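Just passing along the structure, written as structure tokens.
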Amino acid sequence: MIDNGFEPKILAFCCNWCSYAGADLAGVSRLQMPPNLRVIRVMCSGRVSVEWVIKAFSSGMDGVMVLGCHIGDCHYIDGNHRTKKRFVLLGKLLGALGIEPDRLCLDWVSASEGQKFQDVVTKFTSRVKELGPNPIVAA
Amino acid sequence: MADVRVGVFICHCGTNIGGVVDVPSVVEYARALPNVIYAENNLYTCSEGGLASIREKIAEHNLNRVVVAACTPRTHEPLFKNTCEDAGLNRYLFEFVNIREHCSWIHMHAKDDATEKAKQLVAMGVAKVQWLQPQQEYEGDVLKASAVIGGGIAGMTSALSLANQGYEVHLIEREKELGGLVKSVNRLFPTNVDADKVITPIIEKAKANKNIRLHMPAELKDVKGFIGDFDVTIYENGADNVIKVGTIIVATGAQELKPDGFYNYGKMDNVVTQLDLEGKLKQDKKWIDDLAGVTMINCVGCRIPERTYCSRFCCITAIKNAWILREANPKAKVVVLHRDLMAYGVEFEEYYRKAMEAGVLFLRYNLDKPPQIIGKEKPEKIKIHDELTDSHLELPCDMVVLTTPLVSARDNEAVSKMLKVPLGDGMFFLEAHLKLRPVEFATDGVYVAGSARWPVDITESISQGYAAAAKAAIPMSSGKIKVEAITSFVNIGECIACGTCVLACPFNAISVVDTDGKMHAQVNEAMCKGCGTCVATCPSGAIQQKGCTDQQILCMIETLAGGL
């Protein structure tokens, strides 16, 4: 991981059934990861409103993650399909607002993938570190 | 906001949290947060001492919100919610903050960072809790009647099980007789008992049971409603008939693949499927005496790119019929060509061994070098490449039996739409969870058994029939269902009745209705599962989710940003 002295603020929305449980498993397995992340639990990644992500960036978060069940494994049948579709729009919207779409991460972590949770969080933290502070707040 | 009084309880979890996070400093921090009236730390908040303290402090400080910062809500939330309830506080005025799995355990070597993170997580929880509202859980009645769709072995097993428990059962069968696929089978593995001797008594019992209303022949036309209160419309005797039930079991079965285009099936005489052969074996068996050779080809039409799955029991079917033919005519060359042989479990392994001992020849073929049937109107010989010895054989063969998989019933798609339950690979029904909920659908009150779900043999069909009946009996025996109050609700004034939420809902729980001339969305609480997908798609912010409103989450985000 690069060390440029910048500690990004990262918010993750995790769904109750897969990614939150995956994060729990990472904890139970004592998989160490950067302490920059704060998790908000929602029942389904499909609940994550565009407004929340925009709010997170506008109030100073440097990176936002949305982690759901794998496609096909959604506890609510197809909530994550909608999340995925919404993200295409959201990426474009962020670009228009002057926020690098790379500051937003959508990924799928199952309840058995503690290791993957660690990987995704570690890599994303590193990526946001490289990107530096959120440009709209820094401006 | 009217007098929000928050109590915060922070758990050491022995050294699990306390060994990394400086818990006393988090308590100190929590005390200074807005609306926090009381904060304390506990060695184990989940211990009886910790729970007693929550109850006492609620009374002592007149707390009306509780935040516990400890482990994961996935295991401990119900315990703390119950504790709040015991103390007279509505269980939905509670918020859980995870500072173990999501903090102390993953930042063991960064104690300061972990303490800072724990403080922020607690602040976020305290921020959210002020917006929580007391909630009532929806309670509905469950009719003590069940509709079983499909009168095969699985459906009849479910129907009889429920009927014998005293529930009214409507058994709906499309054909003119009960029994399903088993009616076409000659003998059953692994005992080679006559199939009729097994199925006939079950059919008689189903027909005679006073709690079973038989609808036959009848077609499923429509299903409306939800767990406890379904309206099932069927077409029978030339008219639509509406049945009211509390639960539904789908046991629509499957059908044998007719392998048109494979190995001259349909073009050459004496090229038949296993089920065709079963039909022949049920009649006069003299023809077997004249056989010089029979070759069975397994995995025809399955485990190929168009149909990747294994139908699971057809290997045993091939072994059974090969063995029966060989015993009836020991002079006949009986060969089973397979790509892999599935004879799982002690009984099937033994069955396979006995067939070999009886003289059935098992050879392995590869799809790259498939067997070739030689003959004009009917098979005369067969050319085989045995993969294991890499040798070409030519064997006498006047009958070829193609072992084909079960494929989904032709109207699964229509049934799945009526019931709002999903289909998976190969258009078979998809259960709620492959391991943990094998006979339930994600939709409450609807269950599945038998080959409707996946190709299964008769033993498994019966087990699943019983399992589905047991599951269906749970809501019917209590007669009540309770729904966790995490459902969506509509602020009618703000709703523009665009119907976006109706389309977004995976459970068809939302409809647009007219109240005194105002069109608006309406959530059926019995059907809503609380995913919140509708909320995120609502363009006017009119629909919200209990315990996860935009206001609650935005407040958490603001608090986090402010504290960084």
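Where a number appears in this text, it was derived from the coordinates with a stated rule and is not lab data. All figures in this text were calculated on a predicted structure; none of them were measured in a lab. Cβ coordinates were reconstructed from backbone atoms using ideal geometry, including for glycine residues, and neighbour counts include every protein chain displayed.
Arrange the following residues from fewest to most other Cβ atoms within 10 Å of their Cβ: B:M108, B:M296.
B:M108, B:M296
Over the Cα atoms of region B:7-137, what radius of gyration and what Dmax do you get, in Å?
Both quantities, over Cα of region B:7-137: 13.5, 44 Å.
Over the Cα atoms of region B:485-546, Rg to Rh with Kirkwood Rh, two decimal places? Please report the intermediate quantities before stating the final value.
Details: Rg = 10.2 Å, Rh = 11.1 Å.
Over the Cα atoms of region B:485-546, Rg/Rh equals 0.92.
Please identify the GluC sites (Glu not before Pro) of region B:337-440 that satisfy two criteria: DSSP loop assignment and at most 12 other Cβ atoms within 10 Å. Which are they?
Hits after loop and neighbour filter: B:E377.
Hey, got the average number of other protein chain Cβ atoms within 10 angstrom for residues in A:9-16?
Taking all residues of A:9-16 together, the mean is 3.
Can you return the aspartates and glutamates within cross-link range of B:K378? Criterion is Cα-Cα under 15 Å, with same-chain partners fewer than 8 residues away left out.
The reachable aspartates and glutamates, counting only those whose Cα sits under 15 Å from B:K378, are B:D269, B:D290, B:D398.
Among B:M342, B:H392, B:G375, which residue has its Cα furthest toward the positive end of the charge dipole of region B:258-404, with +1 on Lys/Arg Cβ and -1 on Asp/Glu Cβ?
B:G375
Could I ask something else about it? How high is the relative contact order of chain A, in percent, with contacts defined as C-alpha pairs under 8 Å that are six or more residues apart?
38
Another question, then. Using the Cα centre of the protein assembly as shown as origin and beta-carbon charges of +1 (Lys, Arg) and -1 (Asp, Glu), tell me which of B:V97, B:C13, B:I481 is placed farthest towards the positive end of the dipole.
Of the options given, the answer is B:I481.
Provide the net charge surrounding A:K9, with neighbours chosen by a C-beta distance below 9 Å and charges set as Lys +1, Arg +1, Asp -1, Glu -1.
Summing Lys/Arg as +1 and Asp/Glu as -1 gives -1.
Still on this structure, I have one more. Contact order normalised by length for region B:1-86, with contacts defined as Cα pairs under 8 Å and 6 or more residues apart; what percent is it?
So the answer I get is 39 percent.
When Cβ neighbours within 10 Å are restricted to other protein chains, what is their mean count per residue of peptide B:554-561? The partial results should precede the final answer.
Working: counts 6, 0, 5, 15, 4, 1, 8, 10.
If you average over the peptide's residues, the count of other-chain Cβ atoms is 6.
Can you give the FRET efficiency to the nearest 0.05 for A:S29 and B:E85, using r as the Cβ-Cβ distance and R₀ = 25 Å?
E between A:S29 and B:E85, to the nearest 0.05, is 0.15.
On to the next question. What do you get for Rg/Rh over region B:258-404 if you use C-alpha atoms and the Kirkwood form of Rh?
Using only Cα positions, Rg/Rh for region B:258-404 is 0.93.
What size of dipole, in debye to the nearest 20, comes out for region B:463-564 about its Cα centre when the only charges are +1 on Lys and Arg C-beta atoms and -1 on Asp and Glu C-beta atoms?
Its charge dipole is roughly 460 debye.
For chain B, what is the percent of antiparallel DSSP beta bridges, rounded to the nearest 5?
Taking every DSSP beta bridge within chain B, about 50 percent pair in antiparallel fashion.
Using a/c under 1.5 as the rounded threshold, could you call region A:24-130 rounded, prolate or oblate? The axes a ≥ b ≥ c are square roots of the C-alpha gyration tensor eigenvalues, and prolate needs a/b larger than b/c, oblate otherwise.
Judged from the Cα gyration tensor, region A:24-130 comes out oblate (a/c at least 1.5, b/c at or above a/b).
Rounded to the nearest 500, what is the 222 nm mean residue ellipticity of chain B from helices alone, with -39500 (n - 2.57) per DSSP H run of 4+ residues and division by all residues?
So the helix-based figure for chain B works out to -9500 deg cm²/dmol.
If you don't mind, there's one more thing I want to ask. Would you list B:T533, B:T443, B:T45, B:T247 from fewest to most Cβ contacts within 10 Å?
So the ranking, lowest neighbour count to highest, is B:T443, B:T45, B:T247, B:T533.
If you rank A:H81, B:H102, B:H338 by fewest surrounding Cβ atoms within 10 Å, what's the result?
If I rank by nearby Cβ atoms, fewest first, I get A:H81, B:H338, B:H102.
Excluding same-chain residues fewer than 8 positions from B:K207, which aspartates and glutamates have a Cα within less than 14 Å of its Cα?
Output for B:K207: B:E168, B:E173, B:E177.
Another question, if that's okay. With +1 assigned to the C-beta of every Lys and Arg and -1 to the C-beta of every Asp and Glu, and no other charges, what is the dipole magnitude of chain B about the Cα centre in debye, to the nearest 20?
840
On a 0 to 90 degree scale, rounded to 10, what angle separates helix B:458-478 from the longest Cα axis of chain B?
30
Just need log10 I(q)/I(0) for region B:362-410 at q = 0.28 Å⁻¹, Debye formula, equal scatterers on the alpha-carbon atoms, no solvent, rounded to two decimals.
These q points yield log10 I(q)/I(0) values of -1.09.
Within a Cβ distance under 12 Å of B:D240, other residues only, what is the Lys/Arg minus Asp/Glu net charge?
-3
From the P(r) of the protein assembly as shown, could you give the percentage of C-alpha pairs in the tail past 41 Å?
For the protein assembly as shown, the fraction of Cα-Cα distances above 41 Å is 45 percent.
Of all GluC sites (Glu not before Pro) in region B:234-309, which ones are in loop regions per DSSP and have a Cβ with at most 14 other Cβ atoms within 10 Å? Intermediate results must be reported in sequence, preceding the final value.
Details: sites: B:E236, B:E256, B:E278, B:E306; in loops: B:E306.
Taking region B:234-309 and a limit of 14 other Cβ atoms within 10 Å, the loop GluC sites (Glu not before Pro) found are B:E306.
For the Cα atoms of chain B, what angle does the longest principal axis make with the long axis of helix B:73-86, in degrees from 0 to 90, nearest 10?
Result, in degrees: 50.
Based only on Cα atoms, what mean projected area does the convex hull of region B:98-202 have, in nm²?
For region B:98-202, averaging the hull's shadow over all directions gives 15.0 nm².
As a test, work out the antiparallel percent of DSSP beta bridges whose residues both lie in the protein assembly as shown, rounded to the nearest 5.
Taking every DSSP beta bridge with both residues in the protein assembly as shown, the antiparallel ones total about 40 percent.
Note down the net charge around B:A414, summing +1 for each Lys or Arg and -1 for each Asp or Glu among other residues with Cβ under 11 Å from its Cβ.
Value of the local net charge: -1.
Here are some pairs, A:K84/B:K224; A:K92/B:K529; B:K331/B:K381; B:K285/B:K320; which of them have Cα atoms lying more than 19 Å apart in this structure? Write out the running numbers ahead of the final one.
Working: A:K84/B:K224 30 Å; A:K92/B:K529 31 Å; B:K331/B:K381 16 Å; B:K285/B:K320 16 Å.
Beyond 19 Å between Cα atoms: A:K84/B:K224; A:K92/B:K529.
Please report the spacing between the Cα centers of region B:73-119 and region B:334-365 in Å, no decimals.
Region B:73-119 and region B:334-365 have Cα centres separated by 57 Å.
Using a Cα distance threshold of under 18 Å, what count of lysine pairs results for region B:6-135 when pairs must be 8 or more residues apart or interchain?
Lysine pairs satisfying the spacing and distance rule in region B:6-135 number 5.
So, how do all the Cα-to-Cα distances of chain B break down into 20 Å bins, in percent, from 0 on up?
18, 35, 29, 16, 2
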